[in-house]
Amino acid sequence: MQKIGVFVCWCGSNIAGTVDVAAVVEAVKKIPDVAYAVDYKYMCSEEGQKLIKDAVVEYGLDRLVVCSCSPRMHEATFRKCAESIGINPYMVEIANIREQCSWVLKDVAVATEKAIQLAKAAIAKVRFNDPLHPGQSQVVKRALVIGGGIAGIQTALDIADAGYKVDILEKEPTIGGKMAQIDKTFPTLDCSACILTPKMVDAACHENITIHTYSELEAVSGYVGNFDVTIRKKARSVKAEICSGCGICTEKCPARKTPSEFDEGLRNRGAIYIPFAQAIPKVPVIDREACLKFKTGKCGVCSIVCPNKAIDYTQEDELITEKYGAIVLATGFELIDLDKYGELGYGRSKNVITSMQLERLTNAAGPTEGHLVCPATGKEPKSVVIVSCVGSRDTTERGKTYCSKVCCMYNAKHAMYIREKYPNVDVTVFYIDVRTPGKGFDEFQRRAVEEYGVHYVRGQVGKVLSDKDGNLTVFASDLNSGKHLMLNPDLVVLACAVKPAKDARKLASMLTASIDTNDFYVEAHPKLRPVESPTAGIFLSGMCQGPKDIPETVSQAGAAAAKVIGLLAKDKLMTNPCTAKCNEKICSGCLTCTKVCPYGAISGVEKEVITLNGTREKRVVAVVNEALCQGCGACTVACPSASMDLQGFTNKQILAEVDALC
Amino acid sequence: MQKIAELMQAKAIELLESGKAEKVLAWRAGEFFYDNAPAAFSNVDACKEIVYNEFCPANLAKYLIEATKQQKKTAVFLKPCDTYGVNQLLKDNRIKREYFYAVGTPCSGMLDEKKMKALGAKAILAVTCEGDKIIVETAYGTKEFAKEDVLLDKCIMCKGNKYKIADEELGEKLETPKFTGDKFAAVKAIEAMPEEERFAFWQAELSKCIRCNACRDICPACSCEQCIFDNQDAPVAGKAAADDVEEQLFHLIRAYHVAGRCVGCGECARVCPQGVKLGLLNLKFIKDINEFYGAYQAGADATTPSPLVSYKDNDPEAEEALQRRG
């Protein structure tokens, strides 16, 4: 006979305030095989755990049900408690009577009834629990950081400083990311490049860091501690090892029709180019789509002018394979497309620009060497209108529902340094709300208004019209005065919403990392595990997890690094014993399971099996690699013959729970 | 068709004598000329019993599972539509290519004697086809039907005369019934029903079932070592048996299990002694799969993975899929 102990926690008044815990105890005592049941104020406390241990000894309990909070909170606590008294930790079941009961119900009678039901379900399940034993796996002491912006660089530096090898994977020809494009950073207005480039150099020189630029993730397999990664190093068409980075090729290249990505299309670059002066590595890359040599076979100027003969038109993509213990996603952000915001005139008038373009226009290394001019006329503007929340906090289909978080501060920054450099230029910022929480942030925005005389108008811009001479008219409303406004600025700056990088979704499916409806990576817990993905061994750094500014990004980068270091510091990991198991007797070898397994943990193997008749037969059956299996259960539902079962969550256990409920 | 039967007999003898096959799967006459049954021939002398006419609808593909288990090279006569089932069994690793020799067997559409009877042909003695005309000799005289009126249901939406897998083809390809209508018209009509009516329709349809398992046993996609409904240890089996909606659960679960693997051969509906419109359930799944993931024909080859078990970047999200469904 089984001896089940049921322990009902009050969680102070969290549970006991809504659930009659004594009634739950009385109800479960009547269930056969329940040898002991008790309630206690804080079951997770040392006293509570002692109560469990004493009961195990006194009543000879062999399986435990704890009615308490979510298993995400204290399952591990009670499993350890059971183990300490000689019970296999997987003989413990948690009935969540807090998050799924007392917190969501108000009526005591209803909540108590539900708590009893949940307890009954857990008791029904625990009857079929079997002792399970975790295995062990090795940890590869090397991390991969995907994305070479400030988030990726900082994470890599912190991991490398702790003594572990790190590889940075960057899809662009250089590391640096969006921060390299920015002119100045709020709230201190220090030059972005001045604080970023030393970090880029640190990363490049660090003995523990390897940088793969112009590279993409080709394939990933494996699991926490043991990822097998293939990286596609795209052909630069330049031999990096002999190129001196002199840049003569980039100057002489005759194909100059491609808008520079780095300068946000404000000027053109050659087909062979180095994105910016401080690029790392300072090795040019040939854009084969734009290159005349690749398109027509004629040209070859770069090869002729190169003093080191470093140009190699025949170079091919290179595939690198490497093993990693941890992977950090630091894929950053981009700005939304403005196609759906035709009324704001972007694309129709060159004098309607994005904030990122303004960064390039005010940057000393930008296309105008920092001289603020209207792109259409080349003249200095007399007045500038900045439009906030273009696509942010927009509940219509075309925009993003979230606040992009950084715009209010950079709008103040832009307004401020336009007024600083060109005191005669009138600057008006249209806003819904000004949101500037953060150290020194609100003071910064107030300075823009109070010291620099920037006009802040509460209201949205409805339309920006451009007449045939290119003159702009801004139609807006001032919500505070209730007036309609018509302004004629020379330059309109659109603070458009940020969104995750295009590849985020693809990477998410390659890495089985979760994403939300906006394609931001989802953290394992929004408060308590903010830098970990729910997939073990995958960590999150920077904007790819949600809008954040540079200080926050750097903090999160450090936090992600700390988590990675914590993982890499371990020599061995305990593997989860709740893995899939194939009943080879009835497996037909259709291998549907292998196709739905997100971890590549199942393979078809031809082997001799014992059939249902007891005879031996050679046939293909599914075999689970327990080290790779993460226990998601996808195979168990895809298997038509129910040959696949998930240990710890067997079909029998789950149906027993369901039966107990209905 | 008589000519084809002779070709088949000769081919069977040749394959057995040459050692190319240890066994030949074909059809043998039943009590009547219109109830031919699948049969295995391993003796050269017995091969003269091989018959072939417009009443050989059974797909022999599934018998290859046993052949593979016995590791006996088996020759099998396959009508064009039967080849889809063979490919699906190959894809599901239930049969092995090295153990069978596929002989493409021409077909111009199988006939349904039940339809003839329903149209008044009692005591059928012989049936001859003259193009689109079917001449039926009965004990009470001769009757003539249009072919399309007495075609077997599964042959109305014929997939054509191409073999999707064959080591050799017997004789010349025949012209197959042409279907120009909407394959999914019946499914659409059910989809258009109000919810209660649709529920009532399926209740009425599925409660005809007597759980003889014929649909499952004939199905080339239902090829598990042990069906979940026969597995006492599988908790769902007990559930399905304990409930008065057992047969409904059985058919719904079966439809899910063969979704993406159902080749649309229509054998389930053909063999159902209760005339349950089983093909409709499968057609609904096929229609959904086509709409969500693009046109897909299970069994068209032995390698393309089913859209339900393969992930593509452009697969629709659940919300989008629901919208498409309308």
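The test for being crowded, with 23+ Cβ neighbours inside 10 Å and within 14 Å of chain B (Cβ to nearest Cβ) holds for A:Cys587. Counting the residues of the range A:524-549 that are surrounded by fewer than 21 Cβ atoms within 10 Å (Cβ to Cβ) and either free of Cβ contacts under 8 Å to residues at least 24 places away in the same chain or assigned to a helix (DSSP H, G or I) (or both) gives 6.
Under the condition of being assigned to a loop (DSSP other than H, G, I, E, B) and among the aliphatic types (A, V, I, L, M), the residues counted in the range A:240-294 number 11. Would you call A:Asp130 not polar (S, T, N, Q) and not in a loop (DSSP other than H, G, I, E, B)? No; evaluated as a whole, the condition is false for this residue. Residues to consider are B:Gly141, B:Gly120; find the one that is in contact (Cβ under 8 Å) with a residue 12 or more places away in the chain, within 20 Å of B:Phe33 (Cα to Cα) and not charged (D, E, K, R). The conditions single out B:Gly120. For the range A:70-77, the count of residues that are in contact with a Lys or Arg (Cβ under 9 Å, 6 or more places away or on another chain), closer than 19 Å to A:Lys125 by Cα and among the small types (Gly, Ala, Ser) is at least one. Return yes when B:Cys212 is in a loop (DSSP other than H, G, I, E, B) and within 14 Å of another protein chain (Cβ to nearest Cβ) and no when it is not. Judged against the criteria, B:Cys212 is not a match. Scanning the range A:497-521 for residues that are away from every other protein chain (no Cβ under 14 Å) and touching a residue at least 40 places away in the same chain (Cβ under 8 Å) returns A:Ala497, A:Val498, A:Lys499, A:Pro500, A:Ala501, A:Ala513, A:Tyr521. Among the residues making up the range B:272-299, a single one is of a type in the set (A, V, I, L, M) and surrounded by fewer than 18 Cβ atoms within 10 Å (Cβ to Cβ): B:Ala295. Pairs are defined by a Cβ separation below 6 Å, a sequence spacing of at least 6 or placement on different chains, a first member in the range B:32-55 that is assigned by TED's automatic domain parsing to the domain that holds B:Glu6, and a second member that is surrounded by 14 or more Cβ atoms within 10 Å (Cβ to Cβ) and among the acidic types (Asp, Glu); the pairs so defined are B:Tyr34/B:Glu113. Scanning the range A:193-213 for residues that are hydroxyl-bearing (Ser, Thr, Tyr) and crowded, with 21+ Cβ neighbours inside 10 Å gives a single hit, A:Thr213. Restricting attention to the range B:215-234, the residues being away from every other protein chain (no Cβ under 12 Å) and under 15 Å from B:Tyr63 (Cβ atoms) number 3. No other residue among A:Leu494, A:Leu465 is surrounded by fewer than 19 Cβ atoms within 10 Å (Cβ to Cβ), hydrophobic (A, V, I, L, M, F, W, C), in contact (Cβ under 8 Å) with a residue 12 or more places away in the chain and not assigned by TED's automatic domain parsing to the domain that holds A:Lys178 apart from A:Leu465.
Considering the range B:278-326, the residues that are part of a helix (DSSP H, G or I) and touching a Pro at 6+ places or on another chain (Cβ under 6 Å) include one that is nearest to B:Cys212 (Cα to Cα), namely B:Ile289. Of the residues A:Leu105, A:Leu118, A:Leu157, which is of a type in the set (A, V, I, L, M) and either in contact with a Cys (Cβ under 9 Å, 6 or more places away or on another chain) or without any contact (Cβ under 8 Å) to a residue 24 or more places away in the chain (or both)? A:Leu118 is the lone residue from the list that is of a type in the set (A, V, I, L, M) and either in contact with a Cys (Cβ under 9 Å, 6 or more places away or on another chain) or without any contact (Cβ under 8 Å) to a residue 24 or more places away in the chain (or both).
Just one residue in the set B:Ala200, B:Ala241, B:Ala204 is out of contact with any strand residue (DSSP E or B) (no Cβ under 8 Å at 6 or more places or on another chain), outside any loop (DSSP other than H, G, I, E, B), within 14 Å of another protein chain (Cβ to nearest Cβ) and at pLDDT below 95; that residue is B:Ala241.
Which one is farthest from the chain's Cα centre (by Cα), of the residues in the range A:247-278 that are among the charged types (D, E, K, R) and under 16 Å from A:Lys178 (Cα atoms)? Checking each candidate, the answer is A:Asp263.
Here the range A:26-47 is the region considered, the condition is being touching a residue at least 24 places away in the same chain (Cβ under 8 Å) and farther than 19 Å from A:Asn96 by Cβ, and the residue that is surrounded by the most Cβ atoms within 10 Å (Cβ to Cβ) is A:Tyr36. Checked against the criterion of being touching a residue at least 60 places away in the same chain (Cβ under 8 Å), outside any helix (DSSP H, G or I), within 18 Å of A:Ile150 (Cα to Cα) and not assigned by TED's automatic domain parsing to the domain that holds A:Gly440, the range A:197-206 contains not a single residue that satisfies it.
Give B:Leu25, B:Leu60 a once-over and let me know the one that is touching a strand residue (DSSP E or B) at 6+ places or on another chain (Cβ under 6 Å) and either part of a loop (DSSP other than H, G, I, E, B) or over 15 Å from B:Thr105 (Cβ atoms) (or both).
B:Leu60
Can you say whether A:Arg269 is under 30 Å from A:Asp490 (Cβ atoms), at pLDDT 95 or above and not assigned by TED's automatic domain parsing to the domain that holds A:Phe520, as far as the supplied structure shows? So A:Arg269 fits the description; yes.
Here A:Ile31 meets the list (1) outside any strand (DSSP E or B); (2) out of contact with any Lys or Arg (no Cβ under 9 Å at 6 or more places or on another chain) almost entirely, failing just condition (2). Of everything in the range B:300-326 that is more than 14 Å from every other protein chain (Cβ to nearest Cβ) and modelled with pLDDT of 90 or more, the residue that is surrounded by the fewest Cβ atoms within 10 Å (Cβ to Cβ) is B:Asp301. A:Gly566 - would you say it is assigned to a helix (DSSP H, G or I), surrounded by fewer than 20 Cβ atoms within 10 Å (Cβ to Cβ) and small (Gly, Ala, Ser)? Yes; evaluated as a whole, the condition is true for this residue.
Only one of (1) within 39 Å of the chain's Cα centre (by Cα); (2) surrounded by fewer than 20 Cβ atoms within 10 Å (Cβ to Cβ); (3) part of a loop (DSSP other than H, G, I, E, B) fails for A:Thr18. Which number is that? With respect to (1) within 39 Å of the chain's Cα centre (by Cα); (2) surrounded by fewer than 20 Cβ atoms within 10 Å (Cβ to Cβ); (3) part of a loop (DSSP other than H, G, I, E, B), A:Thr18 is out only on (2). Looking for something surrounded by 21 or more Cβ atoms within 10 Å (Cβ to Cβ), at pLDDT 95 or above, within 40 Å of the chain's Cα centre (by Cα) and under 30 Å from A:Val564 (Cβ atoms) - is there at least one such residue anywhere in the range A:314-325? Looking for residues that are surrounded by 21 or more Cβ atoms within 10 Å (Cβ to Cβ), at pLDDT 95 or above, within 40 Å of the chain's Cα centre (by Cα) and under 30 Å from A:Val564 (Cβ atoms), one finds at least one in the range A:314-325, hence yes.
Quick check on my filter: what residues within the range A:382-400 are free of Cβ contacts under 8 Å to residues at least 60 places away in the same chain and on the phi < 0 side of the Ramachandran plot? Matches in the range A:382-400: A:Thr395, A:Thr396, A:Glu397, A:Arg398. In this structure, is A:Thr230 in contact with a Pro (Cβ under 7 Å, 6 or more places away or on another chain) and either in contact (Cβ under 8 Å) with a residue 60 or more places away in the chain or not in a strand (DSSP E or B) (or both)? Judged against the criteria, A:Thr230 is not a match.
The values are calculated or read from the model by the stated rules, or taken from the named source; none is laboratory data. Please read all numbers here as calculations on a predicted model, not as lab measurements. Glycine gets a Cβ as well: all are built from the backbone with ideal geometry, and neighbour counts include every protein chain shown.
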